[in-house]
Amino acid sequence: MGEVQTIDELRARACRALSKLRRACGDDDVREARSLVEALRNQRDYELMGELAEALSRCDPKDSRNRRLYAQYLIDTGKVTAAIDVLQPLARRTPKDHSEFAEVAGLLGRSYKQIFIDAGDKTSGAAREALRKAIEAYRGPYERDPRRAWHGVNLVALLTRARSLGMRVAPGLDPRAVAGQVVAMLESTPVQERDEWYPAMLAEASLGLDDWDVIDRHVEQYVASRSVEAFQIAGTLRQFTEVWDLENRDERGRALVDMLRAKLLRLQGTEVRLAPDELERVRGQPKPYEGRLEAILGTYGAQTYQWWKTGIERAASVAAIRQKMGNRMGTGFLVRAGDLGREPADELLVLTNFHVVNEHGANQALPPAEAEVVFEAADPGKAYGVAGIVWSSPVDHHDSALLRLDTSVTGIAPLPIAAALPVLDETARVYIIGHPGGRDLAFSFQDNELLDHEGSPAGQPQIPGVCRLHYRAPTEGGSSGSPVFNSRLWQVIALHHMGGRMGVPRLNGKAGSYGANEGISMQSIIAAMKQ
């Protein structure tokens, strides 16, 4: 698996570069670090990116490009006001005719835009001021050079959003007029100069004109491109949902967002987070008519969309494990007792990790009396108590706890269990639904290839009776106890057990280590329950 080695090598090189910069700032080391900061950004390894950019800034504080990338790390990790503090002096000292100035201004615009988007009251003074500053940040570079289409597209989006909220921000600018200018400029761009972003920018600018024929046609071109990357689709999706608010605009907008998500989840290197209310909306939304599915997603659009909707339905059966009167501590999922070889067969139970819930609260887990279970995608207002632990296996074995709830669960389907593990090849992938970091229910779709497992035919389990899987996915604290699904049918193949960015020993006696997460196969858990 060449890509796995590439990712691991990138992180290993970055760690070596970081170590060198902390000892000395040789020219060769600085050049190496510069190239790695952006590569880490492209892999969305923001924490390591930030560490390396910080060390590089100490060696060369005048490196404007690195400082700008450092600000991007701050934005992408939620430290928006800190990013502004970095970007403002950088903008003041960068000549306006320098290409780097437009990049800095764009990130300032993105920072203020995020403050506006995150504001609970979009009409508050703080939200209005953030929106005004975002518009000015994009407006300056665009008016100096209208060929800067991405500044123009953001300007159209923010002006349109402001007008929809009745705000008189930048009253001298007409969003439809600016949209027309951006569309005309893009359409006049020679074919050989159009990059991967071109169709997305043209589609978004056309939103400002409500020209849905153009929008559909160019989104189709965008998602059909073989060179389009997951981070590009994700960026467009973020813009359509957070700025254009298409999900609340009309049926066409909701369908467009849903179909972009369906496409995104088929790409590698993606992550989608959906809050419970968003999941509820998507579950209840009618399927777009077949012709429009094909217009956006191509011939196999209906299959892709149905696959995605199946994943959405599975989310209803995933629960947050919470401390009573406290925070989320982990994840669990609903299973049918008979599927685990237990009686009564139709009883519905919840499976999670031993290190999330166990009888005596060992390993900083919750004892049953202090735990509650909430199916946030199905019924966020109902909390189930834990009546007892039906079966468990400690952390160093299956790290599993099967919970009986104090009230019967109705209206939620148990998750289907896969009969076997996927065949290991370069296309094998897994998906996780859980509560990473204790936040809202989230789909985890990033670096999610199945790396290895100890199942048949070639597996060599190192712990008797335990079959482990290694996979790459962006799990973190709070994902413990999440279901791990196969890629085709959304069947559970494993219970997520632990994660590690680097240094996880390889399975099956193979030498070395890598960045991986670990799950315990459901079939080995079921076999242990029967003993």
### Query
When Lys and Arg each count +1 and Asp and Glu each count -1, what net charge do the other residues less than 13 Å away from V356, Cβ to Cβ, add up to?
-2
### Query
What is the chain's relative contact order, in percent, from Cα pairs under 8 angstrom and six or more apart in sequence?
9
### Label-point separation in nm, E9 to Q462, each point 7 Å along Cα→Cβ
2.5
### Task
Pop the C-beta distance of D195 and H98 into the FRET formula with R0 = 25 Å and round what comes out to the nearest 0.05.
0.75
### Summary
Binned at 10 Å starting from 0, the alpha-carbon pair-distance distribution of the chain in whole percents comes out as 4, 17, 25, 26, 19, 9, 2, 0
### Query
Once both labels are modelled 7 Å past Cα along the beta-carbon direction, what's the S513-S227 spacing in nm?
3.9
### Query
Alpha carbon centre of the stretch 16-66 versus the stretch 336-383: separation in Å?
44
### Query
Given the rule -39500 (n - 2.57) for each run of at least 4 DSSP H residues, summed and divided by the residues of the chain, what is its mean residue ellipticity at 222 nm, to the nearest 500 deg cm²/dmol?
-14000 deg cm²/dmol
### Message
Please compute the modelled spin-label separation between L267 and W212, points set 7 Å along Cα→Cβ, answer in nm with one decimal.
### Response
2.4
#### Entry: Label point at D121 placed 7 Å out along Cα→Cβ; residues across the stretch 228-252 whose backbone nitrogen lies under 11 Å
none
### Query
If you project the alpha carbons of the stretch 1-118 onto the principal axes, what extent comes out on each, in Å, largest first?
40, 31, 23
### Query
Along the positive direction of the dipole of the chain (beta-carbon charges: Lys, Arg +1; Asp, Glu -1; about the Cα centre), which of L256, I312, A105 reaches farthest?
A105
#### Entry: trypsin sites (Lys or Arg not before Pro) within the stretch 499-530, DSSP loop, no more than 14 other Cβ atoms inside 10 Å
R506, K510, K530
### Query
For E143 and E38, what is the calculated FRET efficiency with R₀ set at 22 Å and r taken between the beta-carbons, to the nearest 0.05?
0.20
### Query
Rg and Dmax of the stretch 216-258, using alpha carbons, in Å: what are they?
10.7, 30
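Since every read-out is calculated from the coordinates, none of them should be taken as a lab result. These figures come from a predicted structure and were not determined experimentally. Cβ coordinates were reconstructed from backbone atoms using ideal geometry, including for glycine residues, and neighbour counts include every protein chain displayed.
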